[in-house]
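The values are calculated or read from the model by the stated rules, or taken from the named source; none is laboratory data. Quick caveat: nothing in here was measured; it's all calculated off a predicted structure. Note that each Cβ is placed from the backbone with ideal geometry, even for glycine, and that neighbours are counted across all protein chains shown.
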Amino acid sequence: MGHGVESFVKQITGPAKVEMKLIFFDEKQCALRVVANGGRQTARALDEIGLAEKALAVCNGGYFNAGGDFGPVGLEIAAGIRSGKPVADAWFGGLMVKQGRASLVWSNEFQDAPDISEFVQCSPWLVSEGRVWPVPPGKKPEPRNHRTFIMTDGAGRWAIGTCKRTGLLELAHILITPGIITEMKVNRALNLDGGPSTGLWCRSEAGAVQFEKPGWAVRNAIVVVPRDSK
């Protein structure tokens, strides 16, 4: 895809067949941005955002008030513009870009600062320090749904991805099972908004586009751009 970006589709056989789409990249060649949609009526689709931002890949971001004011659930910082308030819940984490460096941080690790240019919160954690992080148990069997997630090896290697028809705990185990994610060792992984919000767009060096379209408009998107883009 250019700039060291690679895309993969993985078919995983287990209790049920799972399809995973992944976009891998290195922070030396690519940067992460958060792009916000101000309102439902004017919301841009992921492909429109990708083209406007000269992006290599785009996925949907965090939770939002879909049936209300379309505002973010948690703190959102997009190109330095802030909206919402931080959620201090123990299961929440966030993608943070500070002084051009991206990281996945727990809510209790987050320290606000004016030099944070991008931030989006979501939950729950899937993997922390290379281990499956327990998902809060429910009274009913965990639903198998479409998922979006972001992950890193903690040393500059990143991926965004989607996974169809899977539970959160199952997804977490998939991410650390030897032989599945061979492109990097997952150190931290955070679940993003899923279900009808799940979406992934990417564009090859030759201009070929792949687009998994969300079922509705989303509040914000996580965008992968070349570091040399203007």
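Quick notes on this one:
- Restricting the range 100-137 to residues that are over 19 Å from VAL223 (Cα atoms) and aliphatic (A, V, I, L, M), the residue that is modelled with the lowest pLDDT is VAL135.
- Condition check for VAL135: among the aliphatic types (A, V, I, L, M) and surrounded by fewer than 21 Cβ atoms within 10 Å (Cβ to Cβ): yes
- With respect to the stated conditions, GLY94 is in contact with a helix residue (DSSP H, G or I) (Cβ under 8 Å, 6 or more places away or on another chain), at pLDDT 95 or above, surrounded by 22 or more Cβ atoms within 10 Å (Cβ to Cβ) and under 18 Å from PRO124 (Cα atoms).
- Every pair of residues 6+ apart whose Cβ atoms lie under 7 Å, when the first sits in the range 138-166 and is on the phi > 0 side of the Ramachandran plot while the second is among the basic types (Lys, Arg): GLY154/ARG188; GLY156/LYS28; ARG165/ARG144
- When the range 107-129 is filtered for residues that are closer than 25 Å to ALA31 by Cβ and part of a loop (DSSP other than H, G, I, E, B), the ones remaining, listed by number, are PHE110, GLN111, ASP112, ALA113, PRO114, ASP115, SER123, GLU129.
- Here ALA88 passes the criteria (1) more than 24 Å from GLY14 (Cβ to Cβ); (2) of a type outside the set (D, E, K, R); (3) in contact with a strand residue (DSSP E or B) (Cβ under 9 Å, 6 or more places away or on another chain) except the one numbered (3).
- When each of SER117, SER123, SER107, SER103 is tested for being surrounded by 15 or more Cβ atoms within 10 Å (Cβ to Cβ), touching a residue at least 40 places away in the same chain (Cβ under 8 Å) and more than 23 Å from CYS163 (Cα to Cα), the lone residue that passes is SER117.
- Every residue from the range 138-162 that is farther than 16 Å from GLU27 by Cα and either modelled with pLDDT under 95 or surrounded by fewer than 24 Cβ atoms within 10 Å (Cβ to Cβ) (or both): GLY138, LYS139, LYS140, PRO141, GLU142, PRO143, ARG144, ASN145, HIS146, THR162
- Strands (runs of 3 or more DSSP E) wholly inside the range 1-83 that include at least 2 residues being buried (at least 18 other Cβ atoms within 10 Å of the Cβ): 18-26, 30-36, 57-60, 76-78
- Residue in the range 213-220 that is under 17 Å from the mean Cα position of the chain (by Cα) and either under 20 Å from ALA16 (Cβ atoms) or small (Gly, Ala, Ser) (or both) present: yes
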